[in-house]
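What follows is a set of notes on a single structure, which appears directly below.
The values are calculated or read from the model by the stated rules, or taken from the named source; none is laboratory data. Fair warning: this is a prediction, and the values are worked out from it, not measured in the lab. Using ideal geometry, Cβ is built from the backbone for each residue, glycine included, and neighbour counts are taken over all protein chains shown. Accessible surface areas use protein heavy atoms only, side chains included; no ligands, DNA or RNA. Shrake-Rupley method; radii C 1.70, N 1.55, O 1.52, S 1.80 Å.
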Amino acid sequence: MIDKDLPALDTHAHIAPDVTPSQIAALGNAVVFAVTRSLHEANQVKNRRDSSLIWGLGVHPGVSTARAAWDPQQFKSLLSSFALVGEIGLDRRGGALAEQRSIFKEVLAIVRDEPVLVSIHSSGASTEVVQSLHDAGMRGAILHWFNGDHTDVQRAIETNAYFSVNAAMSREQIQQFPRERVLCETDFPARKVRARKPADMAAIEQLLSEVWKTSPEEVRAATWWNLRTLSEQSGAIERLPESIADTLLYL
């Protein structure tokens, strides 16, 4: 039996740290992974207790100011306040690749054994990001908008990686991912995805329903189950907002 009342699930979106309760309410019945781009943003949200948002602790590889302000000790001190780490990773177009690699390596070493979900950016650097996961012994990361080739996908699967997909991705790419490793995202406000707001999941759930030859309701149920599996395996379920953890436990 599929629970038709499951909330929309958006596992990668950008939301302002000062978002108001009324703005969150406008998202409707939804759960959103609200990634941050810098330690400064993460520090602003560390004490928020929004029942429908899972805030992330991030240092975006393509944001030079975030890299310049990177402080591993501050990251460690913030980590216990978060169930999600993101957005982190590598960006081929973001400049200062040596600096990016150093930060990414440090972050993976810190979070590898922590009870957190980890959302990873890999634009133009899919092969290197997957190699970094292998080198760090990282298990169960979420590769956001992953466009690696078949070899990259297979090597990512070896690390038990999950894949958050959106409506701007090709069917061919999405078909490479095991159904039990797929989550949905908007990457709001990314224009190519054409999401009107975070948790506007209609387009990607419809696309997956066509790829998987099932209904959008079954897609939503499957992605929620995948999140439950990952949250239990990683231990992050213990840090998630209570209402979200309860949704996962009673699927």
So for the stretch 16-30 (the condition being in a strand (DSSP E or B) and within 19 Å of the chain's Cα centre (by Cα)), does at least one residue qualify? yes
Looking for something over 19 Å from Ile120 (Cβ atoms) and either crowded, with 21+ Cβ neighbours inside 10 Å or of a type in the set (S, T, N, Q) (or both) - is there at least one such residue anywhere in the stretch 149-156? no
Of the numbered conditions (1) in contact with a helix residue (DSSP H, G or I) (Cβ under 8 Å, 6 or more places away or on another chain); (2) of a type in the set (Ser, Thr, Tyr); (3) closer than 20 Å to Ser234 by Cα, Ser119 satisfies every one except a single condition; which is it? (1)
When (1) open to solvent by less than 10 Å² (accessible area, probe 1.4 Å); (2) touching a residue at least 60 places away in the same chain (Cβ under 8 Å) are applied to Leu39, the one that fails is (2)
Could you list, in sequence order, the residues of the stretch 51-97 that are aromatic (Phe, Trp, Tyr) and within 24 Å of Val32 (Cβ to Cβ)? Trp55, Phe75, Phe82
Filtered residue count, the stretch 4-14, keeping only those that are assigned to a loop (DSSP other than H, G, I, E, B), open to solvent by 20 Å² or more (accessible area, probe 1.4 Å) and either under 27 Å from Pro61 (Cβ atoms) or in contact with a helix residue (DSSP H, G or I) (Cβ under 7 Å, 6 or more places away or on another chain) (or both): 1
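Has the stretch 75-83 got any residue that is modelled with pLDDT of 95 or more and over 22 Å from Glu238 (Cβ atoms)?
So far as the stretch 75-83 goes, no, none of its residues is modelled with pLDDT of 95 or more and over 22 Å from Glu238 (Cβ atoms).
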Please verify whether Ser164 is under 26 Å from Gln23 (Cα atoms) and not β-branched (Val, Ile, Thr), treating the condition exactly as stated. yes
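Name every residue in the stretch 98-113 that is farther than 20 Å from Thr159 by Cβ and surrounded by 15 or more Cβ atoms within 10 Å (Cβ to Cβ), in order of residue number.
Matches in the stretch 98-113: Glu99 only.
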Residue pairs meeting the criteria (Cβ under 6 Å; at least 6 apart or on separate chains; first over 16 Å from Val129 (Cβ atoms) and open to solvent by less than 10 Å² (accessible area, probe 1.4 Å), in the stretch 55-67; second part of a strand (DSSP E or B) and not aliphatic (A, V, I, L, M)): Gly56/Gly86
Residues in the stretch 212-227 that are surrounded by fewer than 17 Cβ atoms within 10 Å (Cβ to Cβ), touching a residue at least 12 places away in the same chain (Cβ under 8 Å) and under 28 Å from Thr159 (Cβ atoms): how many? 3
Just to check your reading of the model, which residue among Gly28, Gly86 is buried (at least 24 other Cβ atoms within 10 Å of the Cβ) and either touching a residue at least 12 places away in the same chain (Cβ under 8 Å) or farther than 17 Å from Glu106 by Cβ (or both)? Gly86
Could you grab me the full set of residues in the stretch 62-111 that are among the acidic types (Asp, Glu), over 16 Å from the mean Cα position of the chain (by Cα) and not in a loop (DSSP other than H, G, I, E, B)? Glu99, Glu106
